[in-house]
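J.: Have a look at this one before I ask anything.
The values are calculated or read from the model by the stated rules, or taken from the named source; none is laboratory data. None of the values given here were measured: they were computed from a predicted structure. Here Cβ is always computed from backbone atoms with ideal geometry, including for glycine, and neighbour counts include all displayed protein chains.
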C-alpha cells in the first residue's frame with residue numbers, strides 16, 4: 001500500500017537557530033541511564049570543539065550531569081502520559097547555560113518554588129553547610145534521592161538557578177531550569 005506524504009519542510013531554519021544560539025547539545029525525549037551515558041561524551045566533545053578550558057569543561061559537565069539526573073528523577077508523565085524532557089546546553093563568549101525542562105505535577109509547584117528560592121538566597125558557605133547537613137542526615141526522597149543535586153549544581157556553577165513554571169492543564173506544569181556557568185577569562 002502506498003502512503004501519501006505531506007511535503008517535507010526544510011530543517012534549515014531549525015539548523016540556523018541552533019547555530020545562532022550556539023547550542024553545544026540538545027536533546028528531547030525520555031531520559032534514562034543509557035541516554036544520559038550517551039549525552040555526556042557528546043557534551044565533552046562539544047566543549048573540546050569550542051575550545052573550553054579543562055577547568056570550565058569539568059564545571060559544565062558536573063552541572064550538566066546533575067541537571068539531567070534531576071530531570072530524569074523528577075520528570076512526571078505529562079498530558080499525553082509521556083515523561084519527555086528537554087536539555088539544551090548553549091555557550092557564548094562569557095557563559096555556558098545548561099537548561100532542562102520536564103513535566104511536573106501542579107501540586108508540586110509551591111514546594112519546588114519554595115526550595116529553589118531558599119537555595120538561591122544561600123551564599124557559598126551556606127550552600128556547603130546545607131550540603132554537609134543533607135549528607136549527614138541521610139534522608140532520602142520517595143524518588144530515592146538525597147536532595148543534593150540542586151545544591152551541588154548551585155555550588156559548581158557559582159550562580160543561582162533560574163526557573164519557570166508553565167501551566168499546561170489542571171494536573172500538569174512544565175518546569176524549566178537554567179544554570180549559568182561563567183567561562184574562564186583566559187581560555
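J.: Which condition breaks for residue 101 when tested against (1) surrounded by 16 or more Cβ atoms within 10 Å (Cβ to Cβ); (2) modelled with pLDDT under 95; (3) more than 16 Å from residue 147 (Cα to Cα)?
T.: Checking residue 101 against (1) surrounded by 16 or more Cβ atoms within 10 Å (Cβ to Cβ); (2) modelled with pLDDT under 95; (3) more than 16 Å from residue 147 (Cα to Cα), the one that fails is (2).
J.: A follow-up question, please. Scan the stretch 78-99 and give yes if some residue there is in a helix (DSSP H, G or I), touching a residue at least 60 places away in the same chain (Cβ under 8 Å), touching a helix residue (DSSP H, G or I) at 6+ places or on another chain (Cβ under 6 Å) and within 17 Å of residue 177 (Cα to Cα), otherwise no.
T.: Looking for residues that are in a helix (DSSP H, G or I), touching a residue at least 60 places away in the same chain (Cβ under 8 Å), touching a helix residue (DSSP H, G or I) at 6+ places or on another chain (Cβ under 6 Å) and within 17 Å of residue 177 (Cα to Cα), one finds none in the stretch 78-99, hence no.
J.: Can you tell me which of 123, 137 is more than 29 Å from residue 26 (Cα to Cα), modelled with pLDDT of 95 or more and surrounded by fewer than 17 Cβ atoms within 10 Å (Cβ to Cβ)?
T.: 123
J.: Only residues in the stretch 141-157 that are on the phi > 0 side of the Ramachandran plot and outside any helix (DSSP H, G or I) count as the first member; pair them with residues that are surrounded by 14 or more Cβ atoms within 10 Å (Cβ to Cβ) and at pLDDT 60 or above, Cβ under 6 angstrom, at least 6 apart or cross-chain, and list the lot.
T.: Partner pairs satisfying both residue conditions: 147/134.
J.: Do any residues in the stretch 6-19 that are more than 17 Å from residue 89 (Cβ to Cβ) have Cβ atoms under 9 Å from those of residues that are not in a helix (DSSP H, G or I), where the two are at least six apart or on different chains, and which pairs are they?
T.: none
J.: To continue, here is another question. Hey, can you tell me all the residues within the stretch 45-75 that are surrounded by fewer than 16 Cβ atoms within 10 Å (Cβ to Cβ) and free of Cβ contacts under 8 Å to residues at least 40 places away in the same chain?
T.: Answer for the stretch 45-75, where residues must be surrounded by fewer than 16 Cβ atoms within 10 Å (Cβ to Cβ) and free of Cβ contacts under 8 Å to residues at least 40 places away in the same chain: 45, 48, 49, 54, 58.
J.: Any idea which residue in the stretch 164-186 is nearest to the chain's Cα centre (by Cα), counting only those that are assigned to a strand (DSSP E or B) and over 30 Å from residue 51 (Cβ atoms)?
T.: The extreme case among them is 175.
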